[in-house]
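The next block holds one structure in the form of structure tokens; read it before the comments.
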Amino acid sequence: MTGRSGKPRNIFLVWLIWPLLTLGIYHFVWYYKVNREAREFDQRIEVDPVYSVLAVTVGWLVIVPPFVSVYNTGERIARMQRSAGMQPTCNPWIGLILMIVAGLHSLYYQHELNQIWAHYDNPAEGAEVRLAV
């Protein structure tokens, strides 16, 4: 079984610099891309990136959806790690706690994703990679 690789990103640019320069918009673009990469990496991971972004934007009106979405994104990253044949180190509970602490979940999640791409020797974004499971 094969999937498509994602893009390794600088964790500090993802967490702080780009969101500051774009007045927070980049965070939602990044969130969309991360969830899309999960779906393209392993077709067994079912996620609609648009719904994920809606959950963390307009979901605040109901309070609960952003927390569920960030937790589920952590679960997806752990599943991606398993699919790559790695020991899953991404903990969705840590991501959820870090979300509350200055939005650090993006830094943590991107670090975990970068480990997956490093496992495949940082292929070009969208390159086909073989899944272990």
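The values are calculated or read from the model by the stated rules, or taken from the named source; none is laboratory data. The shown structure was predicted, so the numbers you read here are calculated from the model rather than taken from an experiment. We place every Cβ from the backbone using ideal geometry, glycine too, and count neighbours over all the protein chains shown.
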Complete set of residues in the stretch 101-121 that are of a type in the set (A, V, I, L, M), outside any helix (DSSP H, G or I) and modelled with pLDDT of 95 or more: Leu104
Among the candidates Gly85, Gly103, residue that is in contact (Cβ under 8 Å) with a residue 60 or more places away in the chain and either touching a His at 6+ places or on another chain (Cβ under 9 Å) or of a type in the set (Phe, Trp, Tyr) (or both): Gly103
Single match in Leu54, Leu61 (criterion: out of contact with any helix residue (DSSP H, G or I) (no Cβ under 9 Å at 6 or more places or on another chain), modelled with pLDDT of 95 or more and surrounded by fewer than 20 Cβ atoms within 10 Å (Cβ to Cβ)): Leu61
Flag if Ala38 is touching a residue at least 12 places away in the same chain (Cβ under 8 Å), in a helix (DSSP H, G or I), small (Gly, Ala, Ser) and within 21 Å of Val133 (Cβ to Cβ): yes
Single condition Gly3 does not satisfy, out of (1) touching an Asp or Glu at 6+ places or on another chain (Cβ under 6 Å); (2) farther than 23 Å from Val133 by Cβ: (2)
Leu113 closer than 20 Å to Leu131 by Cβ, of a type outside the set (Gly, Ala, Ser) and within 13 Å of the chain's Cα centre (by Cα): yes
Condition check for Ile77: of a type in the set (A, V, I, L, M), within 13 Å of Phe41 (Cβ to Cβ) and touching a helix residue (DSSP H, G or I) at 6+ places or on another chain (Cβ under 9 Å): yes
Test: residue in the stretch 36-43 that is under 14 Å from Ser5 (Cβ atoms), touching a helix residue (DSSP H, G or I) at 6+ places or on another chain (Cβ under 7 Å) and hydrophobic (A, V, I, L, M, F, W, C): yes
